[in-house]
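Comments concern the structure below.
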Amino acid sequence: MSLTYNPKKTEQKWYQYWLSQGYFHSEPDNRESYTIVIPPPNVTGILHMGHMLNNTIQDVLIRRARLKGYNACWVPGTDHASIATEAKVVAKLKSEGKSKSDLTRDEFLEHAWDWTKEYGGQILNQLQKLGASCDWDRTKFTLDDDMYESVIDTFIDLHEKGLIYRGHRMVNWDPEAKTTLSDEEVVYEEKQGLLYYVNYAIKDSDEKISIATTRPETIFGDTAICINPTDERYQHLKGKEVIVPLVNRTIPIIEDSYVDVEFGTGCLKITPAHDENDKALGEKHNLEIVDIFNEDATLNHHGLAYEGLDRFEARKQFTKALQENNFLEKTENYTNKVGLSERTKAVIEPRLSDQWFLKMQDLAKPALKAVLETKEINLYPKKFENTYKHWLENVRDWNISRQLWWGHRIPAFYYGQGKKNFVVAKTKEEALQKAKKASGNNALNLDDIRQDEDVLDTWFSSWLWPMSVFDGIRHPDNKEFDYYYPTKDLVTGPDILFFWVARMVMAGYEYTGKKPFDNIYLTGLVRDTKRQKMSKSLGNSPDALKLIDEYSADGVRVGLLLSSAAGNDLLFDETLCQQGKGFGNKIWNAYKLIDSWEIDQDIEQPNSSKIAVQWYTNKFQEAIKTIEDHFEKYRISDALMTSYKLVWDDFCSWFLEMIKPAYGKPIDQQTRNEAITLFEDNLRILHPFMPFITEELWHQISDRVGSQALIVSEWPKSKKIDQKIIKEFDFVQNVISGIRNIRKEKNIAFKNAIDLHILNNEDANKTYDILIQKMGHIACLDYVDRQVEGCLSFRVKANEYFIPVAGSIDVEAEKEKLNEELKYLKGFLISVDKKLSNARFVDNAPEKVVNIEKQKKADAEAKIQTINKSLENL
């Protein structure tokens with residue numbers, strides 16, 4: 001066995017071995033299935049800390065399921081990520097001096113597929129470095145032919161049910177990605193801006209009215225000024241018109257109770273094309289709609305001299321012109337919430353557009369019921385149930401169309417002029433037949449049929465993921481779908497609880513009448529030690545592969561889980577990875593120690609080793625019970641910490657010391673065999689967390705092949721726990737710790753044997769004396785009926801333990817040291833007494849502060865008493 005553990009060599013060796021043996025692959029059989037579908041990362045993505053945490057937890061669950069005898073199946077895959085991938089392809093084309101607008105759709109998609117084949121799936125290869133035991137034979141991509149067909153079939157089905165419709169609505173427009181976004185893809189941030197007070201001239205009058213706006217550039221799209229009919233200040237303006245500043249267009253003054261008389265000046269400019277509330281007023285009062293923006297949020301011809309300028313540059317220049325022409329009365333600082341694209345971070349522009357929508361209210365009902373009423377689906381941590389409830393009770397129709405080319409093209413086909421007449425069909429040929437029937441025009445041909453240019457929102461494919469990966473949409477009666485669905489656990493982040501998780505629940509009940517998974521486990525977000533979210537832009541996100549290279553995959557997995565509590569944000573600290581690596585070394589050295597002991601088959605097992613084996617066997621069973629409870633409640637980091645403490649403290653620091661033979665002496669065969677059995681049990685419970693080092697040690701213990709590998713061995717069985725031996729040994733540990741503390745404090749080397757006298761007021765079990773003698777290196781242990789003079793002493797509960805000092809320590813030096821400490825404590829006590837006798841301090845200081853001083857006094861007095869007793873004994 002090598003002196004040190006070599007993770008780089010070991011990790012590659014065992015991962016290839018697991019793959020070659022097919023341990024990750026699953027096929028339906030007579031065992032109970034345990035299925036996890038990976039939250040598909042963007043095909044463009046690379047491994048970051050969030051992926052590392054999420055997939056470590058999934059791998060822990062799936063490896064434990066294998067050990068527990070389930071037919072474990074972890075399905076990997078990637079998402080086509082319409083917006084992100086298209087943006088990268090557009091950027092690549094730009095670097096080559098090309099533009100998307102120069103290409104046909106097919107030419108652009110060719111570039112997109114080339115890019116995907118070159119860079120896509122990189123993240124899945126990186127997950128292998130982490131030890132992810134996915135069934136790679138089942139790897140899926142949301143644009144695979146079967147997955148594509150499932151999405152199209154779903155669209156057609158929902159349209160036929162009347163749930164998908166086309167509507168002219170105010171949508172969230174991302175001017176950078178040049179596409180619409182659903183409400184859930186918009187994040188709101190508070191921004192400091194200005195409130196501009198602009199004067200509008202009343203037509204045929206010298207009077208002016210002041211309008212407050214945060215967006216002066218939208219004045220080009222004004223089609224009315226609105227006042228509250230009850231506002232006495234403006235009664236004389238009813239029925240009049242104003243002239244739009246600099247634009248010189250005449251618009252009416254209308255009345256509506258919607259206007260808040262307390263906000264701004266009480267007059268509201270109405271821009272129906274660029275504000276949802278204004279649009280509603282525009283429809284109510286039959287106002288003209290003037291759209292002033294191009295799709296990239298530059299001003300169009302309605303912006304007059306500012307045509308072609310970006311909206312924010314136009315705001316700057318137009319404000320200056322308003323000021324120069326005396327239209328700008330004043331500005332005030334103003335904080336408001338600004339909508340940003342979650343993907344591109346661009347400021348969202350409200351825009352009127354024809355889009356496809358999915359009605360959500362009826363779909364949401366069974367999803368709400370499953371989590372909150374019947375509890376068919378368990379959500380961990382429970383605190384997220386309120387968030388889930390709020391979103392689903394306030395669900396709005398989902399805008400599912402995107403103005404992109406990369407993705408699932410909407411299967412709607414237009415015929416005739418414009419986009420008023422359309423049919424929904426799987427193919428153009430089928431669409432032609434439907435169009436002929438709908439129009440009564442049998443002269444229509446394929447050239448008259450035009451497919452919608454838009455693609456579906458990426459989430460519209462991923463909401464089918466637990467079903468589509470098993471072909472459950474196209475062939476719901478297939479064997480695999482019947483066996484693996486519903487899946488067992490979904491592990492993901494709380495930030496996509498509605499985007500993805502809730503929608504999967506809706507789709508599951510809509511298409512199968514069943515839940516898509518039993519349990520939803522939401523991890524926290526990964527933050528740095530300053531509580532900032534980790535991101536490349538902040539420069540606080542470490543390179544995941546470099547971490548693995550430096551600390552080993554097992555070390556990083558342990559480090560991530562040690563810093564992660566269920567549902568709480570993870571404060572990632574690299575030192576925890578070092579701790580994880582150190583734990584691996586501890587386990588390695590533990591076996592190396594056992595392996596180094598010479599065995600004598602003729603020696604009988606000593607009583608000390610018998611007790612040690614009995615104690616650790618029960619301690620292990622106690623830990624297993626706790627670990628199982630943690631897993632049931634999805635407290636994964638707690639399960640790891642219980643395992644960590646068991647192995648580090650109980651096995652390495654106590655058990656091995658208890659059975660360790662004297663220097664140069666052999667160990668008996670029985671103890672050695674039992675130590676190996678217990679060590680193997682340790683490896684079994686550690687394997688889900690630290691797969692590589694545990695598999696390596698498993699094979700160091702014995703030459704094992706095929707089905708004997710640790711990855712497919714058995715999780716330890718739970719047995720009855722003898723709490724009596726655990727409780728009794730807790731007492732013994734305190735005794736041994738007391739002896740060790742005195743040795744340490746008084747610099748008594750362990751090689752020097754000492755005597756121990758016991759005043760047994762607790763009537764402690766003397767069976768363990770043999771261990772106390774061994775672990776404390778006690779030459780003579782006896783029981784006394786009174787306190788022993790000339791000794792150092794300590795207590796464990798009511799028992800007193802006395803260690804003679806003669807010959808063990810320099811008595812005079814010890815007395816000098818104690819007197820120095822006594823002198824300091826008496827001086828300290830005088831200063832505390834002085835403060836407490838000061839009535840002004842006691843009466844005016846906070847009670848908490850006074851109590852702290854009182855506690856200081858009590859502690860000092862107790863220490864003085866102890867030192868005086870020790871001096872008396874000396």
### Query
Mind checking Rg over Rh on the range 298-424, alpha carbons, Kirkwood formula for Rh?
1.12
### Value of [θ]222 nm, deg cm²/dmol, for the chain, DSSP H segments ≥ 4, -39500 (n - 2.57) each, nearest 500
-13500 deg cm²/dmol
#### Entry: Net charge dipole size for the range 419-475 [Lys, Arg +1 and Asp, Glu -1 on Cβ; Debye, nearest 20]
300
### Among ALA813, GLY738, ASN760 the positive-end extreme of the charge dipole of the range 708-817 (Cβ point charges)
GLY738
### Summary
Charge tally for neighbours of GLN723 with beta carbon under 12 Å away, counting Lys, Arg as +1 and Asp, Glu as -1, is +1
### Query
Once the Cα atoms of the range 230-370 are picked out, what are the Rg and Dmax in Å?
18.8, 62
### Summary
Dividing the mean separation of Cα pairs under 8 Å (6+ apart) by the residue count of the chain yields a relative contact order in percent of 12
### Query
How long is the gain from ASN765 to SER596 if the chain were fully straight, where each residue apart is worth 0.36 nm and the alpha carbon distance is subtracted?
57.5 nm
### Task
Please turn the phi angles of the range 474-486 into ³J(HN,Hα) values with the Karplus equation 6.51 cos²θ - 1.76 cosθ + 1.60 (θ = phi - 60°), one per residue in order, whole Hz, x for glycine and proline.
6, 10, x, 9, 6, 4, 5, 4, 5, 7, 8, 10, x
### Task
Compare the Cα positions of THR230, ALA201, TYR165 along the charge dipole of the range 155-232 (+1 at Cβ of Lys, Arg; -1 at Cβ of Asp, Glu; about the Cα centre) and return the one farthest towards the positive end.
TYR165
### Query
How do the peptides 177-185, 289-297 rank, highest first, by the average count of neighbouring beta carbon atoms within 10 Å per residue?
177-185, 289-297
### Query
Is the range 378-432 rounded, prolate or oblate when judged by the Cα gyration tensor, a ≥ b ≥ c being the square roots of its eigenvalues, rounded requiring a/c under 1.5 and prolate requiring a/b larger than b/c?
prolate
## Note on the structure
Among GLN433, GLN773, ALA412, the residue whose Cα sits farthest towards the positive end of the charge dipole of the chain (+1 at Cβ of Lys and Arg, -1 at Cβ of Asp and Glu, taken about the Cα centre) is GLN773
### Message
List the residues, sorted by chain then number, that are 5 or more residues from LYS488 or on another chain and whose placed amide H is less than 5 Å from its amide H.
### Response
THR35, ILE36, ASP518
### Query
What number, in percent, do you get for the relative contact order of the range 179-246 if the mean sequence gap of Cα pairs under 8 Å and at least 6 apart is divided by its residue count?
33
### Backbone HN-Hα couplings from phi across the range 135-141 [Karplus 6.51/-1.76/1.60, Hz, Gly and Pro as x]
7, 5, 5, 9, 3, 10, 10
## Note on the structure
Residues whose modelled amide H sits under 5 Å from the amide H of SER401, counting only those 5 or more places away in sequence or on another chain, are TRP356, ASP457
### Message
Please report the projected area of the range 429-534's Cα convex hull averaged over all directions, in nm².
### Response
10.6
### Task
For the range 211-263, count all C-alpha to C-alpha pairs, find those more than 18 Å apart, and express that count as a whole percent of the total.
34
### Query
Is the shape of the range 698-746 rounded, prolate or oblate, going by the alpha carbon gyration tensor and its root eigenvalues a ≥ b ≥ c, with a/c under 1.5 for rounded and a/b larger than b/c for prolate?
oblate
### Message
Using the Cα centre of the range 548-680 as the reference point, and only Cβ charges (+1 on K/R, -1 on D/E), how large is the resulting charge dipole? Debye, rounded to the nearest 20.
### Response
160
#### Entry: Part-to-part distance (alpha-carbon centres) for the range 367-432 and the range 1-79, which is given in Å
31
### Query
Looking at the square roots a ≥ b ≥ c of the eigenvalues of the Cα gyration tensor of the range 590-712, which shape do they give, rounded for a/c under 1.5, prolate if a/b is larger than b/c, or oblate?
oblate
### Message
Given points 7 Å out from each Cα along the Cα-Cβ axis, report the ARG740 to CYS780 separation in nanometres with one decimal.
### Response
2.7
### Message
Just to confirm my numbers, what's the Cα centroid distance between the range 815-869 and the range 458-526 in Å?
### Response
64
## Note on the structure
Sequence order, the range 790-797: Karplus ³J(HN,Hα) from phi using 6.51 cos²θ - 1.76 cosθ + 1.60, θ = phi - 60°, Hz rounded, Gly and Pro as x, gives x, 10, 8, 9, 8, 10, 10, 6
#### Entry: Between the range 570-595 and the range 113-170, the alpha-carbon center distance in angstrom
39
### Task
Against the globular-protein guess of 2.2 N^0.38 Å, express the Cα radius of gyration of the chain as a ratio, rounded to two decimals.
1.29
### Summary
Sorted by chain and number, the residues with a modelled amide H under 5 Å from that of ASN378, at a separation of 5 or more or across chains, are ASN519, ILE520
### Query
What dipole magnitude, in Debye to the nearest 20, does the range 467-560 give about its Cα centre under +1 on Lys/Arg Cβ and -1 on Asp/Glu Cβ?
420
### Charge sum, other residues only, whose C-beta stays under 13 Å from ILE219's C-beta, Lys/Arg counted +1 and Asp/Glu -1
+1
#### Entry: Out-of-range pairs (alpha-carbon distance over 31 Å; input LYS284/LYS320; LYS13/LYS586; LYS9/LYS645)
LYS284/LYS320
### Sites ARG474 and ASN325 - FRET efficiency at Förster radius 51 Å, r taken between beta-carbons, to 0.05
0.20
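Where a number appears in this text, it was derived from the coordinates with a stated rule and is not lab data. Remember, predicted model here, so these are calculated numbers, not experimental data. Every residue, glycine among them, receives a Cβ derived from its backbone with ideal geometry; neighbour counts consider all protein chains shown.
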